[in-house]
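Single-structure report; data block below.
The values are calculated or read from the model by the stated rules, or taken from the named source; none is laboratory data. These numbers were taken from a predicted model, which means no experiment stands behind them. Cβ placement follows ideal geometry from the backbone for every residue including glycine, while neighbour counts extend to all protein chains displayed. The accessibility values were calculated without ligands, DNA or RNA, using every heavy atom of the protein model including side chains. Shrake-Rupley method; radii C 1.70, N 1.55, O 1.52, S 1.80 Å.
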Amino acid sequence: MKPISVNVISESEFTVQGHGVHTAYLEHVSALRSSNNFQVYVNSSEKTDICHIHTVGPYSLAMLLRNNNTCVTAHVIPDSFIGSFKGAKHWYKISEKYLRFFYERADHVVAVSQMVADSLKHDIGITKNVSVVPNAINIDKIRKAAGSKHEKRSKLGIDQSTFVV
């Protein structure tokens, strides 16, 4: 059986990294690559069975308009910009219109939380199918950090019996 080809798009690959959207994108690509059922492309111009988009910038928009069978993970809503960018309240309505335009072009939208899904449907007015798939957490990375708990606490000057989250 031929693997399903998936092109995963994220402008964070060639712009700002070190944020939640980029981490989710990296985990997504890693999960797909760990399966023999998918042939994975990243930011490719190849025609693929599915194009899955994580960011909402101009490159992603071009890929969204160019491809069929598109899925967009909605990491951001207009409220996401408030407190993240100076002056965001002044272009709130423009971001709302742009995100509606963007998400409405996808064949399917994946919201990263129920709150995002509700905002997409009720605040922005998305009519496309929206499903909720929370971002995954790589437990292996957490377990590795937990193994050196005593050393980390000593280095940071935290008493071994102090509760830490």
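Taking the condition assigned to a loop (DSSP other than H, G, I, E, B) and modelled with pLDDT of 90 or more, does ASN36 pass? So ASN36 fits the description; yes.
Scanning the stretch 87-99 for residues that are out of contact with any strand residue (DSSP E or B) (no Cβ under 9 Å at 6 or more places or on another chain), modelled with pLDDT of 85 or more and open to solvent by less than 80 Å² (accessible area, probe 1.4 Å) yields SER95, GLU96, TYR98. When GLY20 is tested against (1) open to solvent by less than 40 Å² (accessible area, probe 1.4 Å); (2) within 15 Å of the chain's Cα centre (by Cα), exactly one condition is not met: (1). I'd like to check something: does the stretch 43-51 contain any residue that is out of contact with any Leu (no Cβ under 7 Å at 6 or more places or on another chain), within 17 Å of ASN135 (Cβ to Cβ) and open to solvent by less than 40 Å² (accessible area, probe 1.4 Å)? Scanning the stretch 43-51 turns up no residue that is out of contact with any Leu (no Cβ under 7 Å at 6 or more places or on another chain), within 17 Å of ASN135 (Cβ to Cβ) and open to solvent by less than 40 Å² (accessible area, probe 1.4 Å).
Within the stretch 1-25, residues that are closer than 20 Å to ARG66 by Cβ have Cβ atoms under 7 Å from residues that are buried (at least 17 other Cβ atoms within 10 Å of the Cβ) and modelled with pLDDT under 85 in these pairs: SER12/VAL21; TYR25/SER12, counting only partners at least 6 apart in sequence or on another chain. Going by what's in this entry, would SER45 be described as part of a helix (DSSP H, G or I), at negative phi and either without any contact (Cβ under 8 Å) to a residue 40 or more places away in the chain or basic (Lys, Arg) (or both)? It is false that SER45 is part of a helix (DSSP H, G or I), at negative phi and either without any contact (Cβ under 8 Å) to a residue 40 or more places away in the chain or basic (Lys, Arg) (or both).
If you go through the stretch 121-137 and pick out every residue that is in contact with a Lys or Arg (Cβ under 7 Å, 6 or more places away or on another chain) and either free of Cβ contacts under 8 Å to residues at least 12 places away in the same chain or assigned to a helix (DSSP H, G or I) (or both), you end up with 1. The single condition among (1) touching a helix residue (DSSP H, G or I) at 6+ places or on another chain (Cβ under 9 Å); (2) open to solvent by 60 Å² or more (accessible area, probe 1.4 Å); (3) free of Cβ contacts under 8 Å to residues at least 12 places away in the same chain that SER84 does not satisfy is (1). Could you list, in sequence order, all residues of the stretch 57-73 that are small (Gly, Ala, Ser) and either modelled with pLDDT of 95 or more or in contact with a Gly (Cβ under 6 Å, 6 or more places away or on another chain) (or both)? Within the stretch 57-73, SER60, ALA62 meet the criteria. When you scan the stretch 102-120, how many residues do you find that are part of a helix (DSSP H, G or I) and either surrounded by 13 or more Cβ atoms within 10 Å (Cβ to Cβ) or touching a helix residue (DSSP H, G or I) at 6+ places or on another chain (Cβ under 6 Å) (or both)? Selection size over the stretch 102-120: 8.
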